[in-house]
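A.B. asks: Here you go, one structure.
Here, each number is a calculation from the coordinates, and none is a lab measurement. Small disclaimer: the values here were computed from a predicted structure and weren't measured. So basically every Cβ, Gly included, is an ideal-geometry build from the backbone, and we count neighbours across all protein chains shown.
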Amino acid sequence: MAEGKDKLNIRLHVYDTEIPVYNIIPEEEPFYRNAAKLITETVNTYSERFRSTKSEKEILYMAMINIALNLEFEKTNNDTAPYDDILTKITNEIEDALVVSETGMRAATDKK
């Protein structure tokens with residue numbers, strides 16, 4: 001199958017703009033659409049709240065900061081390092097126990 005043949009070209013409605021997006025994997029389309037929806041909803045929320053006091057550019061920046069901040073918090077919440085450390089320790093303990101058990105079994109077998 002030729003590369004790019006199974007890729008999609010879509011148009012996303014983001015806030016007040018139609019944006020073409022080319023060569024995306026079909027499985028990723030919902031992610032693109034959800035991202036566009038999130039951006040639109042966030043900008044609309046800030047626009048409703050600050051329309052009379054902020055420029056459109058400031059509102060867009062506020063929305064971008066909000067989305068980026070949520071992403072940063074999400075990265076922090078998904079930190080798996082503590083779990084990896086615990087799993088490594090448990091794995092080492094299990095391996096040590098298996099070695100001791102295996103050594104004991106060999107000693108018992110050798111005595112027979």
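A.B. asks: Ranked from highest to lowest mean number of other Cβ atoms within 10 Å per residue, what is the order of the peptides 66-79, 35-48? Write down the numbers at each step before the final one.
C.D. replies: Details: 66-79: 10.1, 35-48: 16.1.
By packing density, highest mean first, the sequence is 35-48, 66-79.
A.B. asks: Please report, to one decimal in angstroms, the Kirkwood hydrodynamic radius of the stretch 17-73 built from all distinct Cα-Cα pairs.
C.D. replies: On the way: mean 1/r = 0.0792 Å⁻¹.
Radius from the Kirkwood sum: 12.6 Å.
A.B. asks: Counting each DSSP H run of 4 or more residues in the chain as -39500 (n - 2.57), what helix-only mean residue ellipticity at 222 nm follows after dividing by all residues, to the nearest 500 deg cm²/dmol?
C.D. replies: -23500 deg cm²/dmol
A.B. asks: Amide H of V14: which non-local residues (sequence gap of 5 or more, or other chain) have their own amide H closer than 5 Å, using H built in the peptide plane?
C.D. replies: Hits under the 5 Å cutoff: I19.
A.B. asks: ³J(HN,Hα) across the stretch 78-89 via Karplus (A = 6.51, B = -1.76, C = 1.60, θ = phi - 60°), whole Hz, x for Gly/Pro?
C.D. replies: 9, 5, 9, 4, x, 5, 4, 4, 5, 4, 5, 4
A.B. asks: Stick to the Cα atoms of the chain, pair each with every other, and give me the Kirkwood hydrodynamic radius in Å at one decimal.
C.D. replies: 19.4 Å is the Kirkwood radius here.
A.B. asks: Let me ask another. Send over the semi-axes of the stretch 57-96's equivalent ellipsoid, whole angstrom and largest first, taken as the square roots of 5 times the C-alpha gyration tensor eigenvalues.
C.D. replies: On the way: eigenvalues 337, 4, 3 Å².
Semi-axis lengths for the stretch 57-96 are 41, 4, 4 Å.
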